[in-house]
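First up is the structure itself, then whatever we jot down about it.
Any read-out appearing in this document is the output of simple, stated calculations on the displayed coordinates, not a laboratory observation. The shown structure was predicted, so the numbers you read here are calculated from the model rather than taken from an experiment. All Cβ positions, even for glycine, are placed from backbone atoms using ideal geometry, and neighbour counts span all protein chains on display.
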Amino acid sequence: MRVPQNSPHFRWSLAVVSCVSFLSAARLDAGIVYFGFDEAANNGGYLDAAYPLVAGTGPATIVTLAGSNAETASLSFFSAISGLTYGTEDFESFTTGQKADLPLSFDGTGITATLDGMGAIDATGSDPLPLHRAGRYAISGVNAWDTNKNELGFGINSFSSGVISAFGFFMTDAGDFNGQVQVIVSHESGAETLLTINHPFAPNNTFPGDPLAPKYNASLLFFGYLEESTDLITGFQFSNTNPSGDQGDRFGLDDITIAVGSREIVPEPATATMFLLGLLGVPILRRRNGANTQTAH
């Protein structure tokens, strides 16, 4: 059953793995995840002559960013990192077909990094159809990083800053084949955090034989992660819960944002209340001590 973009949002927690998430900001032990997902308005259309339409009433159309769950999640992420130094790589300086290693540059920060592994730059505008074929498209400009089948073994590493505090990105076309995208976060201590992006996905990896396979074609999501511990981020890799076989999922990646610096932690309400009560108690204790002193005289 298709969930319209204007349907009520379903909130979730990473602690409740049975919930399906379309919009959320969930707290981990050492960080916060920002996530929003949207289906295309007319999913089921596959814009490649080799695979004609198998579901829906016409070609898939891209998700409009304005007002989407993905945009809402991204705005929450940018609000959270507003006190940090951050910048975005939009891939517009690269040429179509360019492969890794790519030297990334995050505008306004002076920070560089390397995108290594599998995939290539592709351009929405290079396709004569209104949507980049197979449902992948750029969020800003015309360029995006396009993965190939079973080529999720790529990542972003070697930050010139050494470590970063947060990262976020837009992704298109995730979930139309069996499996969920995963992000493996590397930390300064050498530890790793495995984050599974909780986007919906077609349960069978047969296309075009299974009408559910193209259900999430041309989807859009935003995913962001803000590290709150002192064990900061040195890089992150992409993987998938089902990377094997000829029907491995493919997706487009665009507008990758990173942030550096320390974020001021706002005390939890209970902590703040106890702190205020403690401050109020100081003059009371002083008065009592004064009264005891006077009595002793």
**Prompt:** What residues qualify as long-range amide H neighbours of Ile111, i.e. H under 5 Å apart, gap of 5 or more or another chain, H built at 1.01 Å from N?
**Reply:** Phe106
**Prompt:** Which ³J(HN,Hα) values in Hz, rounded to whole numbers, follow from the phi angles of the range 250-258 under the Karplus curve 6.51 cos²θ - 1.76 cosθ + 1.60, where θ = phi - 60° and Gly and Pro get x?
**Reply:** 10, 8, x, 10, 8, 6, 7, 10, 10
**Request:** Along Cα→Cβ, 7 Å out, is where each label goes; now give me the distance between the ones at Met118 and Thr241 in nm to one decimal.
**Result:** 2.0
**Item:** Projected label distance in nm at Ser262 and Ser160, using a 7 Å step from Cα toward the beta-carbon
**Value:** 2.5
**Fill in**
The local net charge around Glu71, scoring Lys/Arg +1 and Asp/Glu -1 for residues other than Glu71 whose Cβ lies under 14 Å from its Cβ, equals -3
**Item:** Segment Gln98-Ser140, extension gain: residue separation times 0.36 nm, minus the distance between their alpha carbons
**Value:** 13.3 nm
